[in-house]
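Presented below is the structure to which this report refers.
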Amino acid sequence: MRDARIRYVRQAVNIGAMRNWNFVANEARGKYFKWSSASDYCAQDMLTRCFVAMEADPDIVLCYGQTCLVDQETGKLTMYAGNIEIMEERPHQRFSKLRGSLKLNNAYGGLIRTKALRRTMLNRLYPGGDIILMAELALMGRFMLLPQTLLYRRMGRETSSNELSAADLAVFLDPRKTHNTNFLHLSTHLGYLGAALRAPINPVEKLKTLGLVLRYAVWDRQNLLAELRGAPTK
C-alpha cells in the first residue's frame, strides 16, 4: 500500500552530504522538519515528545532529547553529556551560548520549525557549516532539550563524519569541491557574520551579536592570519 505522505527522491549523482540535507529541507511541506541519517535511529516517541513541547511554546524553534552514542564496531552504548539547552531570552545570549558550548551537533537531529529553517541559508558546503545553521536558528528562537534519551547516534569511521580526516570530510560534504577549505577559519567567521546580519532581530540585538562575531574573530586572529599567509592552522 502506498502512502501519499512519503516521497522518495534519488539523486542521479553523488552531490554530497550538505547538498542532500539542503535538498530535503527545501522539499519539506510540513510545519515541522527533521533530518534523519541512515546510520542513526530515534526512540519511537521522539517526534511525539518534541511535537508536544513545541506546540506548547511557539518560541521554541528546535527541540531534541538526550543522546546515546553507539559504537559502530561493538554496539556499546555511551550517554553523551554535552548536549545543551538554549532557552535564553535575548538572541545575542543564545548566539553566545551556542558558539561557546555546542560541540557534537546532536541538535541537528531534532525537530525544527520549517518556517524558521526556511529563513536560514541552510548548511554551508564546508566543515562546520551545520553549526552556522544552528547559530541562525538560535538567533530566531530557543532550543529545548528534553530529559529523555531520544537519539541513538552511531559513531565510527563509516557512520560519523567526526571520524574522517579533514580531506575526506571535505569530499564527503562537497564532492564537487566548490569551496576552498584552505580558508576554513575565514569562511566560518564570514558565515557567522552573515548569519548575524540577516537575523530577523532588533537593531540592538543585531549590534550585540555583531560584537560577539568580531570578538570571536579577534580571538582566532592567529589562525586567520596563518590562512591568509598560506601557513598551516590548528
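Bear in mind these aren't lab numbers, they're just calculated from the coordinates by the rules spelled out. Everything numeric in this text was worked out from a predicted model, so none of it was measured. Heads up, the Cβs are rebuilt from the backbone with ideal geometry, glycines too, and the neighbour counts pull from every protein chain shown.
Using Cβ counts within 10 Å as a stand-in for footprinting exposure, how do R142, R118 rank, fewest first? Display every interim value, and only then the final one.
Numbers: R142 18, R118 12.
Ordered from fewest to most neighbouring Cβ atoms within 10 Å, R142, R118 come out as R118, R142.
DSSP loop (so not H, G, I, E, B), at most 13 other Cβ within 10 Å: list which GluC sites (Glu not before Pro) in the stretch 158-217 pass both filters.
When the GluC sites (Glu not before Pro) of the stretch 158-217 are filtered for loop state and at most 13 Cβ neighbours within 10 Å, E158 remain.
Taking the simple approach of a point 7 Å from Cα along Cα-to-Cβ for both T48 and K103, what is their distance in nm?
Simple spin-label model gives 3.3 nm for this pair.
Between M87 and N202, with labels modelled 7 Å along Cα→Cβ, what's the label distance in nm to one decimal, could you check?
The answer from the label model is 2.3 nm.
With r defined as the distance between the Cβ atoms of T233 and T178 and R0 fixed at 22 Å, what FRET efficiency is calculated, to the nearest 0.05? Intermediate results must be reported in sequence, preceding the final value.
Values: r = 21 Å, r/R0 = 0.94.
Step by step, r from the Cβ atoms, then E = 0.60.
Could you size up the charge dipole of the stretch 17-177 around its Cα centre, putting +1 on the beta carbon of Lys and Arg and -1 on that of Asp and Glu, and report it in debye to the nearest 20? Display every interim value, and only then the final one.
Working: 22 positive and 17 negative charges, 98 e Å.
Here the stretch 17-177 has a charge dipole of around 460 debye.
What is the set of long-range amide H partners of E85 at a cut-off below 5 Å, with H atoms built 1.01 Å from backbone N?
none
Only helical DSSP H runs with n ≥ 4 go in: add -39500 (n - 2.57) per run for the chain, normalise by residue count and round the 222 nm mean residue ellipticity to 500 deg cm²/dmol. Before the final figure, lay out each step's value.
Numbers: 9 runs with 99 residues, N = 234.
Calculated at 222 nm, the ellipticity per residue is -13000 deg cm²/dmol.
Taking R0 as 30 Å, what's the FRET efficiency between A4 and D57 from their Cβ-Cβ distance, rounded to 0.05?
Values: r = 31 Å, r/R0 = 1.02.
Plugging the Cβ-Cβ distance into 1/(1 + (r/R0)^6) gives 0.45.
Restricting to the stretch 17-177, compute how many DSSP beta bridges are antiparallel as a %, nearest 5. The partial results should precede the final answer.
On the way: 10 of 21 bridges.
Around 50 percent of the beta bridges assigned by DSSP in the stretch 17-177 are antiparallel ones.
Taking 8 Å as the Cα distance limit and 6 or more residues as the minimum spacing, I'd like the relative contact order of the stretch 1-110 as a percentage. Working shown, then result.
Values: 59 pairs, mean separation 24.5, N = 110.
After rounding, I find 22 percent.
How high is the relative contact order of the stretch 46-142, in percent, counting Cα pairs under 8 Å that sit 6 or more residues apart?
34
What number of lysine-lysine pairs in the chain show an alpha-carbon separation below 24 angstrom, given a sequence spacing of 8 or more or placement on distinct chains?
Total qualifying Lys-Lys pairs in the chain comes to 13.
Can you pull the percent of Cα pairs in the stretch 1-85 with separation above 23 Å? Show your work: numbers first, answer last.
Working: 1466 of 3570 pairs.
Here the long-distance tail beyond 23 Å is 41 percent of all Cα pairs in the stretch 1-85.
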